[in-house]
Amino acid sequence: MKLSIRHCTEYRYSERVRHSTQYLRLTPRPSRRQRILDWHLDLPERAERASDGFDNILHVLTLDQPHQGIQLTARGQVEITDEDSEDDDDRLSPLVFTRVSPLTGADPALIDLAESHRGTPVLERLERLSERILADMPFTPAPPTWPATRSAPTRVGSVCARTTPMCFSPAAGCRGFRPAT
């Protein structure tokens, strides 16, 4: 299956800032199941390419001139296969994502959410889980005091950029979804 992807992120600051550094993980990594046909980042300045501790492709974007916003676009084509081979060449075991910490453990509400999607094919489960999170916990821009805890989305009834992964990852991981690496 070929996927055409376009992901845009826009940062807006209430006041001009003199300097900012962004760590961008917007470039997919090739694997046995995923071939990158074309990929491009549209950034305001040149970014340094590196790898993070999990061998993900990382770009470090540093802006040294005053600015009040940043626009980033990642776009390209990726070809994926449905193979779920145990001898995959991914270097990082997905088991690392099952480690529970105070911020990543699933609370009872997230476990119930994941359980309600049990028994369907993996891609269908992920789609339904994503749709349910969006419906039950709509995105809200985070105020400076937004609680950064794993239970915040279910308690507050909405998600923000800081809490979306905290909600989706434990719910997906606690019931057999294989996280992206």
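The values are calculated or read from the model by the stated rules, or taken from the named source; none is laboratory data. Just so you know, these numbers come straight off a predicted model, no measurement behind them. We work out accessible area using only protein heavy atoms, side chains counted, and drop any ligands, DNA or RNA first. Shrake-Rupley method; radii C 1.70, N 1.55, O 1.52, S 1.80 Å.
Using the Karplus relation 6.51 cos²θ - 1.76 cosθ + 1.60 with θ = phi - 60°, the per-residue 3J(HN,Hα) values for segment 54-67 come to 9, 6, 7, 6, 10, 10, 9, 9, 10, 10, 9, 10, x, 7 Hz, with x marking Gly and Pro. Applying the Karplus relation 6.51 cos²θ - 1.76 cosθ + 1.60 with θ = phi - 60° to segment 8-24 yields 3J(HN,Hα) values of 10, 10, 10, 9, 10, 9, 5, 9, 5, 10, 8, 8, 8, 10, 10, 9, 9 Hz, where x marks Gly and Pro.
The H on the amide N of L26, modeled in the peptide plane, is under 5 Å from the matching H of H59, each at least 5 residues off or on a different chain. Residues in segment 106-117 carry Karplus couplings, in order, of 8, 7, x, 5, 6, 5, 4, 4, 5, 4, 5, 10 Hz; the curve used is 6.51 cos²θ - 1.76 cosθ + 1.60 with θ = phi - 60°, and Gly or Pro positions show x.
Counting only protein heavy atoms and a 1.4 Å probe, segment 1-82 has 69 square angstrom of accessible area per residue.
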